[in-house]
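The values are calculated or read from the model by the stated rules, or taken from the named source; none is laboratory data. Please read all numbers here as calculations on a predicted model, not as lab measurements. Every residue, glycine as well, gets a Cβ built from its backbone with ideal geometry; the counts of neighbours run over all protein chains shown.
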Amino acid sequence: MVNTRRPVAVAAAASLLALAALADGRSGPTRSAAARPVPTIEPTLPLVMDVRFEDIERGAGATSALLVVEVTGADEISDLVIEAALPDELKPVGPARLPRGPMRLARGEVRRFALPVSGGGTGSHAVRLEAVFRDSRGRALRLGQGATLDPVAPAAGHLHLGAFEMMAVPIEELPR
């Protein structure tokens, strides 16, 4: 008498092991590989420009501040020219000016420029600066950045990645 149960049990066990191996991912792409995002290379600008107002003084009908511009070369930069577009109400004070003429920046080099400004009126003063430059491959690029000088001090908060963050305020307490 031949035992037919043994070959059936062996075939069933082999099938279960094969299914377990497939589910475990050893015979094909793993589940974790399919869930992982594909790595990408994000383009990085060769120049970083930070524009902000410091030492702000608010008075009756006038506001004065120090317009600070910091440029950082993430790559070799040549022919860098910084152009400022100031509103008519906002005027430079004193002899300080932004650099005139082309500059060079080495990789990692930081340059800081400060321009004292004063403005009249009760409105906000938006300033836009543009940097025109050539990167290490000779490509001509233009980068823009801006800042706003408000006549009223902002609520307590902080800047985080370019966004102003502050604690929530009940709608009844908002100034109208």
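Have a look at P99, P92, P87, P116 and point out the one that is free of Cβ contacts under 8 Å to residues at least 24 places away in the same chain and surrounded by 13 or more Cβ atoms within 10 Å (Cβ to Cβ).
The match here is P99.
Output the residues belonging to the stretch 106-152 that are at positive phi and either modelled with pLDDT under 90 or not assigned by TED's automatic domain parsing to the domain that holds V71 (or both).
Step one: of the stretch 106-152, the residues at positive phi are 108, 121, 138.
Once the filter is applied, which keeps residues that are at positive phi and either modelled with pLDDT under 90 or not assigned by TED's automatic domain parsing to the domain that holds V71 (or both), the stretch 106-152 yields only G121.
Being assigned to a loop (DSSP other than H, G, I, E, B) and either touching a strand residue (DSSP E or B) at 6+ places or on another chain (Cβ under 8 Å) or in contact (Cβ under 8 Å) with a residue 24 or more places away in the chain (or both): is that true of R58 here? So R58 fails the test.
When D79 is tested against the conditions (1) at pLDDT 85 or above; (2) part of a strand (DSSP E or B); (3) within 25 Å of H125 (Cβ to Cβ), the lone failure is (3).
Hey, could you check the stretch 124-143 for residues that are surrounded by 13 or more Cβ atoms within 10 Å (Cβ to Cβ) and not aliphatic (A, V, I, L, M) and say which is farthest from A74 (Cα to Cα)? Checked the stretch 124-143; the qualifying residue farthest from A74 (Cα to Cα) is S124. Inclusion of R107 among residues that are loosely packed, with under 13 Cβ neighbours inside 10 Å, in contact (Cβ under 8 Å) with a residue 24 or more places away in the chain and touching a Gly at 6+ places or on another chain (Cβ under 6 Å) is warranted.
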